[in-house]
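Reviewing the structure listed below.
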Amino acid sequence: MGENAPEEQVLVDYPDSKSPSLYLKNPTQEEKVATWSINAANWGKALSEPDYLEREAYLTTVPLAKDNGVTHWILVDRNLPPNERSILASCESLRKPVLVSHNGVVTEGITHGIGSVFSQPKFRGKGYATRMLRELAPILKTWQTDPNIPGRETCPFSILYSDIGTKYYSKFGWEVHPSTHVALPPSSSPSSSSAKTLSYTDLPPLCALDEQTLRTQLSQTSDNKTHVALLPSYEQMQWHHKREDFVTSKIFSKSPTIKGAICDSPGSRVWAIWTRAYYGPLKPESGNTLHILRLVLEDERDTQENVESLKAVLQIAQREAEEWKVSEVDVWNPSQVVRSLVRKTGLEHEEVERKEESIASLMWYGEGKGTADEIRWVANEKFGWC
Ligand SMILES: CC(C)(COP(=O)(O)OP(=O)(O)OC[C@H]1O[C@@H](n2cnc3c(N)ncnc32)[C@H](O)[C@@H]1OP(=O)(O)O)[C@@H](O)C(=O)NCCC(=O)NCCS
């Protein structure tokens, strides 16, 4: 600032974050767009701003999100009219089907995955996101539940994936759950011929079978713990694929048709469904990643056959990562068996425990404390992310 410049007056009104005049509302369309325009600086770096705004609007229309599957939330002053009030904090919640099992008794319900938690820079550090989250948590417990709709009777828990470490959300009651992954580099080396690629039309029957197997698995629990799982349904995968197709069409003017790979040995098939996610320009520092949304081993044992099958599937993923210019292939929360198998493949890889980004977090609404010790989050893989 020049020596004689008048002192700048920043006329921003900062209401007290505890004020009763603040409340949580659903934004108007204009307010949604305003929110996306501001958070584009954080989450739109792979796209131009108009493309990012288009993507966010488009993502409200895809299966899972459409018909109120997604809900947008803003913290505002109740005395100010829509479109003229400051948006002090914002987020969204996406409804997803879940299973809960206790000693083999399986019930269905919904969860809400909270995403895009945001406060614009000028409003940060004043407790607005805290206020929003403290109000939202109990609302979600009954949000869109309906005793007359099978599968929608209860919302036993809500989830989120923290990108700001393990502490912020846990203080509100979203408990930190295992958040690890195995990371493999892209590779152009030819894969063994024993795996086949999966495209869109291959996925629905595989997802249906996966859902069925998971139900059976949960019906066999007997350890007095509560086991919870998001359903790895086709719609869950599709939500990621619609996003991927939109983003790749903007970046590459085409979209990938290979959505996974399978090694088809009867009775012990191994398959992976994946998506490519772009967080910034096509450079290693952007962290663009081919995420395995869901990895299934029909016969999950530490056998040489599984080593070969998993290797063949992962090699196709690595080849796709190379082809689509992402920096790594990630498999979230691999089981002990899968870790062992990956080691035996001889493929270069790293085992990572995440401390900052994508920390899977769950708030339990049922009986008990809902600590990560009491609640076992089964199939806690990337498909559940939002
Ligand atoms: C994270 C965010 C929503 C917090 O909003 P806010 O209204 O400033 O939050 P509050 O005032 O309620 O709380 C501030 C706290 O958040 C913490 N916080 C903010 N950003 C953080 C980060 N990147 N890592 C860890 N903690 C963070 C602050 O340290 C502060 O902690 P304190 O209460 O112990 O002092 C806001 O900083 C933001 O929009 N950031 C960019 C987008 C983002 O990262 N969103 C989270 C995605 S999971």
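The values are calculated or read from the model by the stated rules, or taken from the named source; none is laboratory data. A quick note: this is a predicted structure, and the numbers were derived from the prediction, not measured. No Cβ is skipped: glycine too gets one built from the backbone with ideal geometry, and neighbour counts run over all protein chains shown.
Key figures
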{"read-out": "Selected residue (criterion: farthest from the ligand (Cβ to nearest atom)) from residues of segment 181-202 that are closer than 30 Å to MET363 by Cβ and buried (at least 16 other Cβ atoms within 10 Å of the Cβ)", "value": "VAL182"}
{"read-out": "Residue selected from segment 103-150 under the condition among the β-branched types (Val, Ile, Thr) and either within 14 Å of the ligand (Cβ to nearest atom) or in a strand (DSSP E or B) (or both), by the criterion surrounded by the fewest Cβ atoms within 10 Å (Cβ to Cβ)", "value": "VAL105"}
{"read-out": "Flag for VAL247 being among the aliphatic types (A, V, I, L, M), under 28 Å from TRP377 (Cβ atoms) and in contact with a Phe, Trp or Tyr (Cβ under 8 Å, 6 or more places away or on another chain)", "value": "yes"}
{"read-out": "Odd one out for CYS155, checked against (1) away from the ligand (no atom under 16 Å from the Cβ); (2) surrounded by fewer than 16 Cβ atoms within 10 Å (Cβ to Cβ); (3) part of a loop (DSSP other than H, G, I, E, B); (4) not assigned by TED's automatic domain parsing to the domain that holds ARG319", "value": "(2)"}
{"read-out": "Residue in segment 72-102 that is farthest from the ligand (Cβ to nearest atom), counting only those that are more than 16 Å from the chain's Cα centre (by Cα), small (Gly, Ala, Ser) and crowded, with 22+ Cβ neighbours inside 10 Å", "value": "SER101"}
{"read-out": "Number of the condition not met by THR61 [criteria: (1) surrounded by fewer than 18 Cβ atoms within 10 Å (Cβ to Cβ); (2) within 16 Å of the ligand (Cβ to nearest atom); (3) assigned to a loop (DSSP other than H, G, I, E, B)]", "value": "(2)"}
